[in-house]
Amino acid sequence: MDNLSLDKARLSDSLRISILLKTVYIQAYAIEGITFEFANFIEEKFSKEKIEEKIKENPDNLLVCHCNGNPIGIAEIIYNSECPIRKIATPELGKLYVLERFHRTGVAGHLMQKVEEITRLKGYKELNLEVWENNLKAIKFYEKHGYKLLGKVDFPMETNTYVNLVMNKVFK
């Protein structure tokens, strides 16, 4: 794919990152449409203001893949995370979102590779992530990249609770 670049998130991209996150979340998780709790969740978690706050606090923790200067994918690294299964400090891949139009183009793999590289360079030996148990496409992608199942945790919203898989990769 031509004209791809991978950079840390910029404040000037916050609105577009917000829309990207909302779009991908809806595509992956709105299997029964947009419920009120779902709408409330994505509006709060992925608001432009929330994204600006994240970029200001930790600009190196959000990596954005651009195509012709436009965001098409994003990865978030959370360093101050604790594995919910093993109860130890372990960095987490908080998000790996790529617009559906760019699936199967290598964008997600490129973002994953960069996240792992950065994490290793910071001295970490492993990386965790959580993924909804029904997101089979994502689970298959993570398994393909060497992530193994550690266990399951609940992901509560307003009135419903969903089950996430906790996966881990130990770097070689």
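The values are calculated or read from the model by the stated rules, or taken from the named source; none is laboratory data. Since the model is a prediction, treat every value here as computed from it, not as a measurement. We place every Cβ from the backbone using ideal geometry, glycine too, and count neighbours over all the protein chains shown.
For every residue, the table says whether it meets (1) closer than 27 Å to T90 by Cβ; (2) modelled with pLDDT of 95 or more; (3) not hydrophobic (A, V, I, L, M, F, W, C).
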| position | (1), (2), (3) |
| --- | --- |
| L21 | yes, yes, no |
| V24 | yes, yes, no |
| I31 | no, no, no |
| H66 | no, yes, yes |
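Just wondering, is there one or more residues in region 74-89 that are surrounded by 14 or more Cβ atoms within 10 Å (Cβ to Cβ), free of Cβ contacts under 8 Å to residues at least 40 places away in the same chain, β-branched (V, I, T) and closer than 23 Å to H145 by Cα? The answer is yes; a qualifying residue exists. Considering only residues in region 45-62 that are modelled with pLDDT of 95 or more and surrounded by fewer than 12 Cβ atoms within 10 Å (Cβ to Cβ), the one that is nearest to M112 (Cα to Cα) turns out to be K56.
Is it the case that region 125-136 has a residue that's under 22 Å from C65 (Cα atoms), part of a helix (DSSP H, G or I) and hydrophobic (A, V, I, L, M, F, W, C)? No: region 125-136 contains no residue that is under 22 Å from C65 (Cα atoms), part of a helix (DSSP H, G or I) and hydrophobic (A, V, I, L, M, F, W, C).
Of everything in region 90-102 that is in contact with a helix residue (DSSP H, G or I) (Cβ under 8 Å, 6 or more places away or on another chain) and assigned to a loop (DSSP other than H, G, I, E, B), the residue that is surrounded by the most Cβ atoms within 10 Å (Cβ to Cβ) is P91.
Residue pairs whose Cβ atoms lie under 8 Å apart, separated by 6 or more positions or on different chains, with the first residue in region 108-135 and within 13 Å of K172 (Cα to Cα) and the second part of a helix (DSSP H, G or I) and among the charged types (D, E, K, R), are L127/E116. F36 falls short on exactly one of the conditions (1) loosely packed, with under 15 Cβ neighbours inside 10 Å; (2) of a type in the set (F, W, Y); (3) closer than 20 Å to V98 by Cβ, and that condition is (3).
Just one of the listed residues (L20, L6) is touching a Cys at 6+ places or on another chain (Cβ under 7 Å) and surrounded by 15 or more Cβ atoms within 10 Å (Cβ to Cβ), and it is L6. Considering E100, E82, which residue is in contact with a strand residue (DSSP E or B) (Cβ under 8 Å, 6 or more places away or on another chain) and among the acidic types (D, E)? Going through E100, E82 in turn, the sole match is E82.
Looking at G109, is it among the small types (G, A, S), on the phi > 0 side of the Ramachandran plot and surrounded by fewer than 17 Cβ atoms within 10 Å (Cβ to Cβ)? For G109, the condition - among the small types (G, A, S), on the phi > 0 side of the Ramachandran plot and surrounded by fewer than 17 Cβ atoms within 10 Å (Cβ to Cβ) - is not met. Kindly indicate whether any position in region 134-154 is in contact with a Cys (Cβ under 6 Å, 6 or more places away or on another chain), modelled with pLDDT of 95 or more and either among the basic types (K, R) or surrounded by 15 or more Cβ atoms within 10 Å (Cβ to Cβ) (or both). Scanning region 134-154 turns up no residue that is in contact with a Cys (Cβ under 6 Å, 6 or more places away or on another chain), modelled with pLDDT of 95 or more and either among the basic types (K, R) or surrounded by 15 or more Cβ atoms within 10 Å (Cβ to Cβ) (or both). The one condition from (1) assigned to a helix (DSSP H, G or I); (2) farther than 17 Å from D7 by Cα; (3) of a type in the set (K, R) that R86 does not meet is (1).
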